[in-house]
Each structure stands twice: as C-alpha cells, then as structure tokens.
Amino acid sequence: MDMISIPVVNMTPILPEIFLSVLAMVLLLLNVFSPSGKKSYLAYISFIGIAATAVLVGAGWGGHIESFSGAVILDNFATFFKMIFLLAAGLTVLISDQYMEREECNHGELYPLILFTVVGMMLMASGTDLMTIFLGLEVMSVSLYVLAGFNRNNKKSNEAGLKYFLLGAFSTGFLLYGMALTYGATGTTRVYKIASVVGQMTLPSANIMLLAGMLLMMTGFAFKIAAAPFHMWTPDVYEGAPTPMTAFMSAGPKAAGFAALLRILLVALPTLQIEWSQLLWVLAVLTMTVGNITALRQDNIKRMLAYSSIAHAGYALVGLVAGNGTGTAGILFYMLSYAFMNIGAFAIIILVSKKGETNGNVMDFAGLGFKRPLLAVAMTIFLFSLAGMPPTAGFIGKFYLFSGAVQKGYIWLAVIGVLNSAASVYYYLRVMVYMYMKEPTEEFEWTQVTAPVALALIISVAGSMIPGIVPSFILEFAQQAVKLI
Amino acid sequence: METLFFAIVSLVAIISAILVITCKNPINSALSLIMTFFCLATYYVMLDAPFMAAVQVMVYAGAIMVLIVFTIMLLNIRVNATQKHSHRILLGSIIGFFTLINTIVLLVKSQAAKPVGPFTGDMIRNIGHSELIGREMFTTFLLPFEITSILLLVAIVGSVILAKKNI
Amino acid sequence: MENLNGYLVVSAILFAIGTIGVLTRKNAIVIFMCIELMLNAVNLTFVAFSRHLGHFDGQIFVLFIMTVAAAEAAVGLALMIAFYKNKESISVDDVNMMKW
C-alpha cells in the first residue's frame, strides 16, 4: 500500500492553543526545578503568557479561516470567547498566589492546569466538529476536576472534586449519546455539514432521532452551564473548591459552555429553532427563579454567589431563547462583564476570609465599610453590577438580553427576567447592609492586599464600570462576533 | 444464525449490565462490567470493526477495569448493607422508562441517514480495518488526535497531584 | 446493514441501565462503573451508525471516547483516594458536608 500523506494544514487558527500548551509544559518543568515555597514567579510567568496569548488572539480578529479539514475555525465568535477565557484565567492567576500560599497548597502545578483548562475552553469555542468540541470540553473538565479538589488536605475540597467529577462524567454520558444520535440522523459530525444536511430534510422536526440527539446534547450542556434542573452540583462544588478556582469556574467554563451551545444550536440546528427555543424558555425561567429564590436563604457568601451564578446562567439563556442578533450579542457581552464582576467579588471574599476557608459568611463582612473603605467600594461596585443596577456593565448586559427577547415577542420571559433581577437585589443589598451599617462582631487582622490582587481588583472594577458607561465599544465587537456564525 | 448469535450476546450483555447495578459487592459489579465489555467487543467484530474489538478488550477490559479493581482492593471498601432510598429508585426508574420509550420510537421508524460513505464490508475485509482507521485518524482527524495528547498529560499531572503522598 | 435497529435497541437499554445505576447506587466506585457502562452504550451506538453509514467518523469518535474514559478513570480514582484518605469512606451519602 502507498504511504499516508499527512495533509498540509493551516496552523493559524490554533496558534494560541499551541502557545498556551507549550507554555504550560515549560511551567511544569520549571516547577520541578524550583524549591517548594518559591512558586510565586510561576504565577507571574503565566500571567505574562496569558497576556501575550491575548495579543495573539486579538491579532486574529476579523479573520475567517477553516482548518484541519473543518475541525476548527478562526472567526470573530471564537476570538471574542477566547478573550473572555483569557481574561478569566488572567484574573484567576493574579488572585491565586496569595490564597494558595495562605492555604499551604501552593503547588506549582496549579498554573499549568489553569492554562490547560483555557486550552480546552478555546477548543470548545473554535471547534466546528462535534469531536473537537467534545475533546475540548473534556480537557477543560478533567483539569477542573483536579482544580476543584486541589486543596487535597481539606475535606470540603475533596468532596467538591469528587462531586464535580461524578456529575460531570454523568453529564458527559448524556452529551455523547446526543452526539451519537445526531451523527446517526445526519451522517456527519461536522457542525456546518450537519446544518446543510438538516437544511435539506423535508421535515426535520419529524425526525425523532435528531430531536432526541438535540435534547440529550442540550441536557449535557445544561449541566456544564449549571442550568436548573441540572444545577444540583453547583453550590457544593463552588463552596468546597478553593476560592480562586470557584471564581474561575463560574466565569470561564460557563462562557465556554455557552460558546459551544451557541455554535451547535445556531449554526448546526437553526432549522429546529422553534423546538429548542421552547425548551430553553422553560429552562431559562426555571434557572432564574430557582437560582434567585435559593440564593435568598444563603448565609455562606460563596454559596450565595453559587446560586446567583445559576441565576445569571438563566439571564444569559434568555438571550439564547431570543436567538436574534441582539440577544446573542447580549450573551457575549454579559459573559464578558460577568467574568469581571464575579471574579472581582471572589477576590474580595478571599481577602475577607481567613485560613482554612473560615470567615466566609455574610455576617463577616460587617464593618468592612469603615475598616477598609476602598475594598468596600470595590465590593459595592461588583454587587451593583451583579444586581444589574445602572450605570454598571451588568445593567447594560441584562438590558440587551431582555430587549432581544422583547424584540422576538417573548414579553413574558422578559417580565419574569426583570422580576427575578429585582428579587436578586435583596441578597446583594444584604451584603452591603452588613458592610456599611453593622459593627464588626470581633476584632481581627485584615489580610494584606498584595500587588497582584490589587491589580486584579483594579482591572475588575474598570471592567465592571467602563462597559456600563460606554457600552457601544464592546457591544460593537459582540455584534460583529455573532454576525458570522 | 447471525440473528440467533446476536440475540444470545444481547441477552448476556443485558443480564450482566443489570448485575453491575444490582450486586452488593463492588468486585462482583466490576466483574459483571468486564463481561459486558466482552459482549460489546463481540458486537464490534460482528460490525466489521475488529480493531475496535481489540481496543475494547485491551483498553476497557484490560486497563480501565484493572485500575478500578485495583482501587476497590486498595480502599478495601465494605459491602454496603444499608437499604437504598426509595425516591432514588423511583427517579431512576422514571428516567430509565423514558429512555426505553425513546428506544421503541427508534425501533418503529428508523430515521438514520442514508449510507453516505465509501466503505463496505468487503472493502474493509480486503484492505484491513486498522489500516483504514489509521489513515482516517492521521489525515482527517489529526487535530482531535493531538488534543488527546494534552488530555492525557492533564490526567497524569492531575492524578499525581491528587494522590501522591508527598508533593 | 440490516440489523441497525437491533444494535440501537441494545445500546439504549444499556444506557438506561447505566443511568438507573448512577441514580440508585451510593458507592462512588460503582457509580463510576455505571458511567462507564453508559459510555460503552454510546460507543456501541457510534460503531453501529459508523458501519451503517459506511465511513469511519463514528469509530474514530469511539477511540477518542475510550481515551477520555481512561483519563477520567485516572483522575476520578485519584479523587476517590484523596477523599477516602480524609473520610475513610466513599459512599455518596458521606458526600454531604455541605447542605443547603
């Protein structure tokens, strides 16, 4: 037989992924040769590497290159999401070092694992083959299982890792079965080919195999973005995981799940929009309501933000139900601003809590406004943005999501969303009440704010405010990003 | 003849799968699971995919199950004597029921796509299954193949971090 | 290939059994084995479709699923060992420190 000729491939679309993987491997090696207790410089190197990758990704804006025989694509949609992932990872790296040092688990492998997670998320966003999307998702998930259980001497962290692993693997089963049925019904795994095959069917909504495949895939992704009723793992995993990892998990993987879901639903299955938007309608309402109502009763602030992150997934789903330009651009905008405000809030939680993850209740924020006014102001901005008050980024994001729904005629959905948003103000305000109106219960040493954490806080505050004041700049990018898919 | 063989293998596969979820002792579950894996390998041979059958036996029945059995032995888990929760059984049965309904729908009207690819049973037998797989893997599916290398690296680093005694 | 339906039915039954197992069992390792059963059901579906459609995409997908299963097994069992070291149990009922 003749030799296999390895095809000539265009590497441009996966250059950022290659760069990050190589960087992660170099960091793994450096870690071996650096004595324990002196791992901080790994964090700085990874931050610089992430910034360099962001430049590399940004240079690809406006391009449209398919490569690896349709397994991966470089387009504005992927670029926008890659920026969100890099941002989440960069902020996480900045806030990790101090926390990990305090919890005595500053193993250098943390940073390579974060970088590998980003590689997985990037592949999910740029993959145009179900295989690439699935493998990207697995690279992301396997690293996250480890990161959730990273503080291995802490029982809660063990438990978070195990729970995340069992439910994540379970949801992978559903996702894969959905992919298998879709493959059987259409005869291909390429997203763009699926679109053309489904487009040629006389009545795609009568093809039960395709519908079942779509349903199962949506179930799998609903687990990953923590949409109700598949959200059970979220509060426990978010509470138990090391706080910087919780911040990362709530911003990055959620955005990655939305990226893959948007790509599959809007590119591969637009002909079934009536069916999937009805399903997502129910899912969005359920997710918003369950998240907000349970968040009202939480005292532990990490748990409260976990439920609130469920509610935020619900708001973003509203944009997907609409499925039009405004709604989907709203999702991109919202995911970006959510990364800023949520990681910022978690950074403050790290500063307030003490060794062993104690001191993490809402009551422990009492008196923060008098003791550390700057921190309290930053926290107020994050909470305002999370609650969706003008003039913050959260308000503009919600505005576009809901107005997308109204444009498509989903008035009730928008009304439910606004009501939910109003209910959420209660538990965000509660933290502010404690910060400004209660005396601290006991005297204790505040953690010193190190330079990287301060930098992360400044970036987060800027990111939560500026898009709220001048939204058109980022919104333009988001609109260009969704135009091409 | 082939139908009869298929029926026998299916019976064994389903019975051993039921044993996996009903056995009290995890070791028995693991052994039943290995039985199911061998049945699946038989299916793969019947489906003209001998390479998949070999990989199934080597990777699943060999590597993964040995790892699982090893962990069970290492942790020395007690046989679980407590009774199960009824609401869990109910929930499980409901989901199982819906999956079966789905199956019946698939059975009544098969809606799979028409054959599109060039490979027939004769062709696979003539050229060889592993060669065809290899050609596809290293040309069309080059990128996913490379991604798995990263996945395996992550798994190695992760398990060392989580389970090593002193790091 | 005339027997596609037979394979699909068997794999759906196996998938359902795996799902029921995950939801009813309490031992983390047994749950993990049930997840493996689900993945194997998916593999059977893929190989059957691949043979029916006459191209290898499905079988390549199965090879990747096997790789993923191996990676998940390594990480998952490491997590179970870490959990067991701290709590001397891997029953999911003991995975309950955090309650709402």
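The values are calculated or read from the model by the stated rules, or taken from the named source; none is laboratory data. Everything numeric here is computed off the predicted structure, so don't read it as measured data. In this analysis, Cβ positions are derived from the backbone assuming ideal geometry, glycine residues included, and neighbour counts consider all displayed protein chains.
Quick rundown of the values:
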item	result
Residues within the stretch B:22-41 that are over 15 Å from the mean Cα position of the chain (by Cα) and in a helix (DSSP H, G or I), tallied	4
Residue in the stretch A:308-320 that is in a helix (DSSP H, G or I) and surrounded by fewer than 19 Cβ atoms within 10 Å (Cβ to Cβ) present	no
Enumerated helices (runs of 4 or more DSSP H) restricted to the stretch A:365-450, each holding at least 1 residues that are small (Gly, Ala, Ser), without any contact (Cβ under 8 Å) to a residue 60 or more places away in the chain and surrounded by fewer than 16 Cβ atoms within 10 Å (Cβ to Cβ)	A:411-437
Residue A:202 on the phi < 0 side of the Ramachandran plot, surrounded by fewer than 23 Cβ atoms within 10 Å (Cβ to Cβ) and modelled with pLDDT of 90 or more	no
Any helices (runs of 4 or more DSSP H) falling wholly within the stretch C:1-94 and containing at least 2 residues that are more than 8 Å from chain B (Cβ to nearest Cβ), modelled with pLDDT under 85 and more than 16 Å from the chain's Cα centre (by Cα)	C:57-87
Residue in the stretch A:355-375 that is of a type in the set (A, V, I, L, M) and closer than 20 Å to residue A:253 by Cα present	no
Tally of residues being at the interface with another protein chain (Cβ under 10 Å from one of its Cβ atoms) and part of a helix (DSSP H, G or I) across the stretch B:42-61	11
Answer from B:53, B:49, B:17, B:81 - the residue that is modelled with pLDDT of 75 or more and under 17 Å from residue C:21 (Cα atoms)	B:17
Residues located in the stretch A:132-178, provided they are away from chain B (no Cβ under 11 Å) and among the β-branched types (Val, Ile, Thr)	A:172
Boolean, residue A:386 is under 21 Å from the mean Cα position of the chain (by Cα) and closer than 27 Å to residue A:456 by Cα	yes
Residue among B:64, B:133, B:68, B:95 that alone is in a helix (DSSP H, G or I), facing chain C (nearest Cβ under 8 Å), modelled with pLDDT of 75 or more and more than 22 Å from residue C:59 (Cα to Cα)	B:68
The stretch A:95-109 residues that are over 12 Å from residue A:357 (Cβ atoms), paired with ones that are surrounded by fewer than 22 Cβ atoms within 10 Å (Cβ to Cβ) and of a type in the set (Lys, Arg) (beta carbon under 7 Å, 6 or more apart)	A:106/A:39; A:108/A:39
Some residue of the stretch A:130-143 being of a type in the set (Val, Ile, Thr), closer than 24 Å to residue A:38 by Cβ and without any contact (Cβ under 8 Å) to a residue 60 or more places away in the chain	no
Some residue of the stretch A:239-246 being surrounded by fewer than 20 Cβ atoms within 10 Å (Cβ to Cβ) and over 28 Å from residue A:329 (Cα atoms)	no
Residues that are among the hydroxyl-bearing types (Ser, Thr, Tyr) and at pLDDT 90 or above, drawn from the stretch A:88-107	A:92, A:96
Sole exception among (1) modelled with pLDDT of 90 or more; (2) closer than 27 Å to residue A:115 by Cβ for residue A:156, by number	(1)
